Ligand SMILES: [Mg+2]
Ligand SMILES: [Zn+2]
Ligand SMILES: [Zn+2]
Ligand SMILES: [Zn+2]
C-alpha cells in the first residue's frame, strides 16, 4: 500500500520510465553506440520492479540536477 | 580497429612438475656459470640453451642471436621437495580443511548439499572454509583431528610434530579432486601438491643478465647468485643422502635448501634473515623486482623515462612573460627539435648544418633511418648530401614550444605549455605569476621540461595547455595565475590616493611596462599613480566596486577615506586603490572574460612588472622597532592578560565549587575548557585594536594584511603583543606529566599559564615554559602536514588510476576507454568549469586566435 506510493512520490526519487521501443533506435543512433555501452540498472532495483521492466529494456530517468533538468538512460540487466 | 577476440577472463593456475620439465630447455646440473675461458658451462646456470647475452654467441635452443632470442626456461631437479613460500598460506588452509586420516574435506555431506542448494558456485568455497573452523572429528571416518599450525614462513606442525615437506606433499596429494572443487581449487589446473616444489623453474639468462665491469670481471645478477646457492645446497644434500649421512645432517641441509628457495622468491619474507650479497647488501630477488614504487609495475610499466626532457633548479624572472620559460643555454644545446627537410627548406637546412655557433644541428636522420652526428668534421659532407626526406635535429631556440612541469602533478595546470627563452645561467627561469599553479617557490625546487617532437604535439600543447589559457583555474573558476605579494603591495602603492610622480619617474614606470606614450599630467605638473596604472587597462574598461580596504559598514563611496571605492571609467582608474582581491577577481578575471587571454597575459606581465618597479623604488621593509609597542600599549596588553587570567581563575573556582553553569550537551569539565578557550581567544583578539593603533597604518605588517598581499593581523598581534593559547588536538595542552604538562606547575593546575597560554610576543621572546608549549603546538602542525601529504598523495593515485581514460566527447558525453557511457552530459550541464563565472553564467568572451 503505502510503499508503492512512497516509491512513486518521494521528492528524492527521480522519474523513471521505460523507453518506448520506437524511441530506442533513435537514442542509440544519436549516441552512436549499441545498448551495451549504456550505464546499467539492476532488474532488482525498486524503481525497475515498479515499472515491470524486462532485461534489455532501457529506463529513461528524468532528474532535476542543480543547474537544469537532465535525462539519463540505463539498460536493465540481471 | 577491428576487435576479433575479446578477453572474457584470465585464469591463473599452478605449474605441475611435468609442465616445468616440458617447457624447460635445459636441466641445470652444475652450480656454476662460466668456465676459465669465459664460456658458458654446459648444464650451468647460464647454459647456452637458456638464451644468450654475449654478442656473437648463438642460442643453442633456437639459434637466435642476442636480440632475436628472448631466452628459454630451464629447470633444477630438487633432491628433496620444498614448500613454495608464497603458497604457505594456501597449504595451511588446505591442511586445516581436510581430514588427517581420510583426507576428505571436513564438512558433512548434508551441509555440502545445503550449500550447493543455497549458494552460487563461487560462494561455496568461502562458506565451506567458514564452516570448518573447529571440527575435532572427521564426519566421514570419525578420525580425531589434531591441531595444525603454521610457523612462518614455511614450517608446518601437526600437533607437536613437525611435518616435513615430503609429508605435506603426500597429504596434499591425497585430497580427492571433488573435495578440492568444493574448496575453490580447480584440480584440473592446480593440484595442491604442486605447491610443494620438486622441480624449480629457472628463468632465461636474458631475465638475469650479467654485467662486465671495467676490470673485465663478470658480475652476475642477484637471481643467478641465488640460483647458484640453491644448486650448491641441492648437490650437497644429494651427496649426503647418497653417502647415507645421519638424518640430522640431511634435515639441516634440507632446511637450508628451503631457506634459499624461500629467499629466491622473496628476500623480504618475514621471520627469516634476508640473504645478502658479499658486500652486505640484501639481494634483490623475484618479489623485489616486481613490488612497490621501484618495482617493475610502478617504476617501469606505469612510469617510463623519456628523451627530449631536461630538469634543473628554478629561479624567478619577473622580466619574462608568463607564457615564457627561461632555458639555460647548456640545456638548449642538448635538446633538439626535428625539422623535416623538404625541397623548399633544403638550402636553409644546409646553412643550419654549416653553422659554427649556437643554434647548431646536433643530428641528421637520413631517409633510411640512419642517425648521423653533426660534428665539425662531418658537417661539410652532411650538408652536401642533405636531401628532402632527411630530418635535421636542430637545437632549441627562442619561441620553441615546450611543456613545463613541477611534481607532484596534482592537477592539469601542473604541466603547462611555455615558449622558450634561451638565457645564460644554469636554472630554469619562470615568471612569478605562474608559481601558484605549479605550487613552486625558489628554495631549491626543480622542474622538468619536455620538447614535443611532432607538429601535432606542438599544436595540441599550444592550443590546450598554453599558460595564458590557464589563468582561470577549472577548480574554482577564479584566477590562479595572478600577481602576488609584492606585486599586490606595489599595485597598492601605485594606485593609492597620495601616489604621484614627476615626469621622469612617470616615464620610467611606463616604459618598464612597455608603454611608450606619456599621457597628459593630471596633478598639476605631476602624474598620479592611478593615471599610470590606467595605461595598462583596455581603453573601454568600466568597473566599480567597494574593496575590502574600506573599513566602514556602508562605504561612503566617492568620499571613502580608505581608498576603498574603486571606479574605472573608460580605462581610467578614477578612485580607489588596488588590493589583492580587486587585482585578481575584479581586474584579471574581468579582463580574461571580456578581452580574452591575450589581453590578460599582457596585463599580468605589465602590471606585475610596473608594480615591482614601484615597490622596489620606494622600498618596502621591516625592522624590529616596527613591532615595538610603546609603553602605553604594553600596559593595555598587560591589562588584557591580567583580566583574562583573572577570569580564568574565577571560572576554575566556579568549576571547583560546582557553581559553573553547564553548557548543553557538555560535562562540567568540558564546559570549563570551552569557557576558558573562549575567554583566552577573546583576550588575544582584543589586542587587535591596540596593535593596529600603536603600530600605525603604515606599518608594513599591518599594511600587507590590509592589502591582502601577505600575512594577517594575527601575525602582527603574535609578533607585537602576545602568542595566545597553544593547542594540541584543538585542546589546551594537557599531555606530559601526571596531572600537569611540565613539572614547573602544580598538579591539577587548571589556570591559563599551566595549560599553554603564552603571554609573551615573538618580539619579546618566550620564556622556557612558553617555548615548550609553542613547540608542542608547532610539532602537531608539522606532523599533520606530513600525514596529509602522504594520505592525499595515495588518494590522488587511486583517483587518477580510476579516472585516467575517461574522455569528454564532443557531444558532452563522458565515455571510458571501451566506449561505455559514464555520464550523458559532462558535469550535469556540459559546461567547462573554467568558463563559468561567479554568478553561474557561462563565459562568452573572445577566444584566442
Ligand atoms: Mg620549495
Ligand atoms: Zn633461443
Ligand atoms: Zn576422515
Ligand atoms: Zn569606503
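The values are calculated or read from the model by the stated rules, or taken from the named source; none is laboratory data. Fair warning: this is a prediction, and the values are worked out from it, not measured in the lab. For neighbour counting, all protein chains shown are included, and Cβ atoms are generated from backbone atoms with ideal geometry for every residue, glycine included.
Residue B:308 fulfils the conditions (1) on the phi > 0 side of the Ramachandran plot; (2) surrounded by fewer than 17 Cβ atoms within 10 Å (Cβ to Cβ) except for a single criterion, (2). Does residue B:98 qualify as being within 15 Å of ligand 2 (Cβ to nearest atom), more than 14 Å from every other protein chain (Cβ to nearest Cβ) and either surrounded by 21 or more Cβ atoms within 10 Å (Cβ to Cβ) or touching a residue at least 12 places away in the same chain (Cβ under 8 Å) (or both)? No. Tell me which residues, restricted to segment B:583-623, are within 30 Å of residue B:719 (Cα to Cα), modelled with pLDDT of 90 or more and assigned to a helix (DSSP H, G or I). B:583, B:608, B:611, B:612, B:613, B:614, B:615, B:616, B:617, B:618, listed by residue number.
Pick out the one residue from B:100, B:111 that is within 16 Å of ligand 3 (Cβ to nearest atom), assigned to a helix (DSSP H, G or I) and over 45 Å from the mean Cα position of the chain (by Cα). Being within 16 Å of ligand 3 (Cβ to nearest atom), assigned to a helix (DSSP H, G or I) and over 45 Å from the mean Cα position of the chain (by Cα) holds for just one of B:100, B:111, which is B:111. May I ask you to verify whether residue B:57 is farther than 30 Å from residue B:212 by Cβ and away from ligand 1 (no atom under 16 Å from the Cβ)? So residue B:57 does not fit the description; no. Within segment B:547-568, if we keep just the residues that are in a strand (DSSP E or B) and crowded, with 18+ Cβ neighbours inside 10 Å, the residue that is nearest to ligand 3 (Cβ to nearest atom) turns out to be B:566. The residues listed here are B:20, B:2; of these, the one that is away from ligand 3 (no atom under 16 Å from the Cβ), away from every other protein chain (no Cβ under 14 Å) and within 26 Å of residue B:232 (Cβ to Cβ) is B:20. Per this entry, residue B:163 is counted among residues that are touching a strand residue (DSSP E or B) at 6+ places or on another chain (Cβ under 7 Å) and away from ligand 4 (no atom under 16 Å from the Cβ). Screening residue A:41 against (1) away from chain B (no Cβ under 14 Å); (2) in contact with a strand residue (DSSP E or B) (Cβ under 7 Å, 6 or more places away or on another chain) leaves a single unmet condition, (1).
Here the condition is being within 47 Å of the chain's Cα centre (by Cα), closer than 19 Å to residue B:89 by Cα and more than 16 Å from ligand 3 (Cβ to nearest atom); of B:149, B:120, it holds for B:149 alone. Scanning segment B:184-234 for residues that are without any contact (Cβ under 8 Å) to a residue 12 or more places away in the chain and closer than 24 Å to residue B:57 by Cα yields B:211, B:212, B:213, B:214, B:215, B:216, B:217, B:219. Being in the same structural domain as residue B:104 (by TED's automatic domain parsing), touching a strand residue (DSSP E or B) at 6+ places or on another chain (Cβ under 8 Å) and under 23 Å from residue B:17 (Cα atoms) is the requirement here; does residue B:241 meet it? No. Checked against (1) within 14 Å of chain B (Cβ to nearest Cβ); (2) surrounded by 14 or more Cβ atoms within 10 Å (Cβ to Cβ); (3) free of Cβ contacts under 8 Å to residues at least 40 places away in the same chain, residue A:36 meets all criteria but (2).
Looking only at residues of segment A:38-69 that are in a strand (DSSP E or B) and more than 19 Å from residue A:12 (Cβ to Cβ), we find that the one that is farthest from the chain's Cα centre (by Cα) is A:40. A single member of B:827, B:751, B:793, B:777 is touching a residue at least 40 places away in the same chain (Cβ under 8 Å) and within 22 Å of residue B:410 (Cα to Cα), and it is B:793.
Please work out if residue B:87 is touching a helix residue (DSSP H, G or I) at 6+ places or on another chain (Cβ under 6 Å) and more than 16 Å from ligand 1 (Cβ to nearest atom). Yes; evaluated as a whole, the condition is true for this residue. Within segment A:4-33, if we keep just the residues that are in contact with a helix residue (DSSP H, G or I) (Cβ under 9 Å, 6 or more places away or on another chain), over 16 Å from residue A:76 (Cα atoms) and away from chain B (no Cβ under 14 Å), the residue that is modelled with the lowest pLDDT turns out to be A:4. Residues in segment B:810-830 that are more than 8 Å from chain A (Cβ to nearest Cβ) and either surrounded by 14 or more Cβ atoms within 10 Å (Cβ to Cβ) or in a strand (DSSP E or B) (or both): B:812, B:814, B:816, B:823, B:826, B:827, B:830.
At least 1 residues being exposed (fewer than 15 other Cβ atoms within 10 Å of the Cβ) is the threshold, and among the strands (runs of 3 or more DSSP E) wholly inside segment B:322-384 those reaching it are B:336-340, B:371-373. Filter segment B:742-770 down to the residues that are loosely packed, with under 14 Cβ neighbours inside 10 Å and in a helix (DSSP H, G or I) and list them by number. B:768 - this is the single residue of segment B:742-770 that is loosely packed, with under 14 Cβ neighbours inside 10 Å and in a helix (DSSP H, G or I). Here residue B:310 passes the criteria (1) outside any loop (DSSP other than H, G, I, E, B); (2) in contact with a helix residue (DSSP H, G or I) (Cβ under 7 Å, 6 or more places away or on another chain); (3) at pLDDT below 90 except the one numbered (3).
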